[in-house]
Amino acid sequence: MKTTNNCNIKVPDILIQRITEDTERYIEWLKKSDTVIDSNLLLAGPFQSPEYSVWPRPHDNFHYPLGMKKLLNLGFSGIKSKAWKNASNFHGNERLYLRLIHRVYAVIIHIIESYAMAAKEKRLSDIHMVCRSLSRRAPSTFHEACQLYWFATVFRIGTSTIGRIDQHLYPFYRKDLKSGLITEAEGRKLVAELLYRFEMRGGGRGDTLQNITLSGRNAAGKDKTNELTYMILELMLGNQYIEPKINVRLHKKSPGKLLDMISRFQLTGTGLCTVFNDDTIVEGLKKYRRPEKISDDYCADGCSEIILDGYGETSFRYIDCVKAVEHTLFGGKENVPGKKSMQYYASTQDFVDINPPVSEGKKTESFLSMKTFEDFYRAYLSQLKYQIDAMLSAPYNSNENPMRLFTAATMPGVIEKALNPYSNKACWHTYGLFIGSLGTAANSIAAIKLLVYERKLIKKEVLLEALKDNFEKNSLVRRLCLDAPKFGNDDNYVDAIAIDIARRFALWVKKHKDRTGRPILSGLYNHLFHHTAYYVGATPDGRKNGDPVGEHISPTPGTALKGPTSIINSVSKIRTAEHIFGSTLHLNIPLVSLKGTPDPEAILKHLTLAFMINGGCVININILDAEQLIEAQKHPEKYHDLVVRVWGFSYYFVGLSREMQDHVIARSQSE
Amino acid sequence: MNGLITNIQRFSVHDGPGIRTTVFFKGCPLSCLWCQNPEAMSSRPEVIFHSEQCIACKTCLRICPKKCMAWEGIISFKSDNCDQCGICINNCPVNALRWSSEEISAREVLNEVMKDRVYYDISGGGITLSGGEPLQQSDFCHDLLKKSKKEKLHTALDTSGYAPFKTFELIMPLVDLFLFDIKLIDPQLHERYTGLSNVPILDNLFRLCQEGKKIIVRIPLIPGFTDSKKNLSGIESFVKQCSTGIKIERIPYNPLMKNKYHLLGRVNMMD
């Protein structure tokens, strides 16, 4: 197991040098922010940070939520004084590190003081009192807690997941409500403004990582839904925001009222509300040696990968199991030429999601020499395993950019023990490998099994020729391929293949350890599915190059013909409890199939419940109106407000690329 | 014992409470002009042609003894002369030509139905028998209902009401909910547009009501045929006479069925 320098517990020289330089730049940046106070609003601060961009470079690691619980508990001033006090216990780099944290927080407090002064000048006594208090001590009222929440959000460069906001803020809300300091209506106004600010900060940019995670259960299995959970959902239902993105953690004992609200969300069609199954994920995390207390605080990070709220980062890599089918059929080579190839695509990316060993594949024997289906399947598995091993043994350096001290100080053990926030002593990292397009890969393998080996209807060389030719000439072969069994129809012939691939994938991934020595997590997820469609050539399931692949663990668009119950059944056969890093079913239900039913919300609720009872991991129900989407593609000017789920985020349909629009339309027609 | 089934439709949410699976029986005594399931009218299996699956290999064109297939740039199917010999089906390489129904046992039907058990339990759903007219295959219908009840499923029967009352008596204890279709209240109009008188239908409804069964009366709203005020209020007052607690549902006309006539190589009388 390779470890890089900055994984040490102590802060090494090279890191401290970069941190010092970066901190100076960060402080310059902080000082650029104007003091923005609007007398019509309850909270102070700009909607966006100066020189804001969603993916700033060099970025503060965006797959890293702020330790909001700690921040609310200590306040900016508490962190500042603790860092100063503890610095005297250390020497060298550690002392310097803590003093730098102190310096950052001192600047922040100075900024908040100037807010207090500005508010006083404007005779805005509430904002004045709140800011003055925040500059001196930890928040003690709900108003102060909300103000801190916002300051912390805009004082950070870039965005990240927000985490369990209803849990973070509830103690303050409950206390003030009990003591009569605020009324329910006043509390609601504050929450509404906070949500409005997230919407404004996102600025309609789509993938901003501004995810909130609501509800959930604790270690004892007790439900943690509170008044703020409902309040946030009601407010989000009432306005047409696309931010923050809503994720809800459900479990066996989730209240019916919560389930009802979620199905109301689903029925709006925006796909804004993703459901995480605590009973699968919390239990699953235990198997990965995460302590209960910490597992209970998991939340959604960006797409559907999970992160431990306030305990550390998430990072992931990705391989594609349908591309591995292509590699197996073509002796380790790709079946897409030049600029369409995965290798070319990988070379245009400046991140490490796809690296050469995976895009090149393993050199394997010729398909023509594989006499039995078992020969073929064995070759496929060895191809897949090669790619997993290649990906996971490559050096891991997602943390090239040192974490900004503002963020680092909110992590466990950093201000107390001067720990490097990337070290395993300080944090609980979540590192995982995703595998995408499982359904499409299973379909392709099932078609080969049935048509080439069992019924012998298609000769191997004919199939290869048809695939090379993107099925242009041979319509009979394509027709046969299209009629072969497809994942998502509750058909064991093909589902069994998906189950087997997923099971082996979990086993192989688990054998690899992350830099903290814990097993790497696996997830059945594909955040690049709209690219995969183009860099994977024609597949033996009858899919042409450019046609969509199945996202995550969803069926290939257009192939699940028996409706949502069959889709959920097929997906439930895969043990997603072994793939808790994020295994998402995008269940697209055409609006037309619910028309005329007396209670469509109840139907959606029952589908969600069935998915959970079956042990599913993450589900996103999207109600789509294909005709409306096609209209919107033709006349974008009329459909500016049409919001659809993309992957980790919902976005305005008309703002998507043509490829992505086509994908969304294809999946809306599919079931 | 086997039955003739055109389709088993899972995630059925329009035919009774909750999430259900609807089993479509083949064969119907009525021949409504507006039939929404024309493939279920006849009691015999028929050839259907899915042109979207056709790869234009022209095999059927060559081998059909009755010359039902024509080449017009694409293959087209006209069933006027078809005697349902099935030669085309046996020779179609891609399954574009197939039978409109399958002969299967109640056990096989139930195996498919039971795959969605969890959804019935959560949503209060179950199995719905529809068609066609399920009561026309009364023994099979009885067998399927009996087996469904053994599995403790909620059972609904979607019926045209046209069957001997003794058939109703046979299956009555096994049915939790009757979805009872009434199209037209005027007996002459009923005979003109469906081929048969509505007297036995109304009589059956009356007698079922006397038995205290749970019934929902459904009126298909066919523009120009059944949607007149006179017809609707006539049906409603008849139902009220039968029993006061009966719910009446109006079912909107489904233009999607036009394509089904096309599959069967038939002309839709409604066009």
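So the values come out like this:
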read-out: DSSP bridge orientation in chain B - percent antiparallel, rounded to nearest 5; value: 40 percent
read-out: Cα-Cα over 28 Å, subset of A:Lys175/A:Lys257; A:Lys69/A:Lys287; A:Lys595/B:Lys115; A:Lys595/B:Lys147; A:Lys252/A:Lys573; value: A:Lys595/B:Lys147
read-out: A:Lys339-A:Thr372 pseudo-label distance in nm [points 7 Å out on the Cα-to-Cβ vector]; value: 4.7 nm
read-out: Amide proton proximity set for A:Thr430, modelled H, under 5 Å, gap of 5+; value: A:Glu313, A:Thr314, A:Ser315
read-out: Helix-only mean residue ellipticity at 222 nm for chain B, each DSSP H run of n ≥ 4 adding -39500 (n - 2.57), per residue, nearest 500; value: -9000 deg cm²/dmol
read-out: Residues listed by number, the range B:116-144, amide nitrogen under 19 Å from B:Val199 label point at 7 Å toward C-beta; value: none
read-out: Normalised contact order of chain A, rounded percent, pairs of Cα under 8 Å and 6 or more residues apart; value: 16 percent
read-out: Number of partner chain Cβ atoms within 10 Å, mean per residue of A:553-560; value: 0
read-out: Förster radius 51 Å - calculated FRET efficiency between A:Arg95 and A:Thr597, Cβ distance, rounded to 0.05; value: 0.15
read-out: Calculated SAXS-style log₁₀ I(q)/I(0) at q = 0.13, 0.25 Å⁻¹ - the range B:47-99, Debye, Cα scatterers; value: -0.23, -0.96
read-out: Viscosity 1.567 mPa s, 4 °C: Kirkwood-radius Stokes-Einstein D of the protein assembly as shown over Cα pairs, µm²/s; value: 42 µm²/s
read-out: Those aspartates and glutamates that a straight Cα-Cα span of less than 20 Å connects to B:Lys166, excepting residues fewer than 8 apart in one chain; value: B:Glu133, B:Asp139, B:Asp143, B:Asp158, B:Asp176, B:Asp181, B:Asp203, B:Glu211
read-out: Relative contact order of the range B:15-104, defined on C-alpha pairs under 8 angstrom at six or more residues apart (%); value: 29 percent
read-out: Farthest positive-ward along chain A dipole, Cα basis, beta-carbon charges - from A:Tyr288, A:Ser88, A:Gln147; value: A:Ser88
read-out: Residue-averaged 222 nm ellipticity for chain A, from DSSP H runs of 4+ at -39500 (n - 2.57), nearest 500; value: -14500 deg cm²/dmol
read-out: Computed over chain B: relative contact order in percent, which uses C-alpha pairs under 8 Å that are six or more apart; value: 22 percent
read-out: Nonlocal amide H pairs with A:Val536, under 5 Å, H built at 1.01 Å; value: A:Gly546
read-out: Point-charge dipole on Cβ atoms (K/R +1, D/E -1) for the range A:149-201, about Cα centre, debye to 20; value: 140 debye
read-out: Förster radius 60 Å - calculated FRET efficiency between B:Lys229 and A:Gln17 (Cβ-Cβ, nearest 0.05); value: 0.10
read-out: Estimated dipole of chain A in Debye, rounded to 20 [Cβ of Lys and Arg +1, of Asp and Glu -1, Cα centre]; value: 1760 debye
read-out: In the range B:1-68, trypsin sites (Lys or Arg not before Pro) in a DSSP loop with at most 13 other beta-carbon atoms within 10 Å; value: B:Lys58, B:Lys67
read-out: Karplus (6.51, -1.76, 1.60) ³J(HN,Hα), θ = phi - 60°, over the range B:13-18, in Hz, Gly and Pro reported as x; value: 10, 10, 10, x, x, x
read-out: B:Arg250 long-range amide H proximity, modeled H, under 5 Å; value: B:Ile219
read-out: Nitroxide proxy distance, nm - points 7 Å out along Cα→Cβ at A:Asp625 and A:His110; value: 5.6 nm
read-out: Cα→Cβ-extended label distance, 7 Å offset, between A:Lys510 and A:Glu292, nm; value: 2.1 nm
read-out: Charge context of A:Tyr431, other residues only, Cβ under 11 angstrom, K/R +1, D/E -1; value: +1
read-out: Total formal charge among the other residues, if their Cβ is under 12 angstrom from that of A:Ile388, Lys/Arg +1 and Asp/Glu -1; value: +4
read-out: Stokes-Einstein D in µm²/s, Kirkwood radius over Cα pairs - the range A:443-515 at 4 °C with 1.567 mPa s viscosity; value: 93 µm²/s
read-out: Helical segments meeting 15 Å axial Cα length and Kyte-Doolittle -0.5 threshold in chain B (DSSP H); value: B:199-210, B:229-242
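None of the figures in this text is laboratory data; all of them are computed from the coordinates on show. Just so it is clear, the structure is predicted and the values come from calculations on it, not from any experiment. No Cβ is skipped: glycine too gets one built from the backbone with ideal geometry, and neighbour counts run over all protein chains shown.
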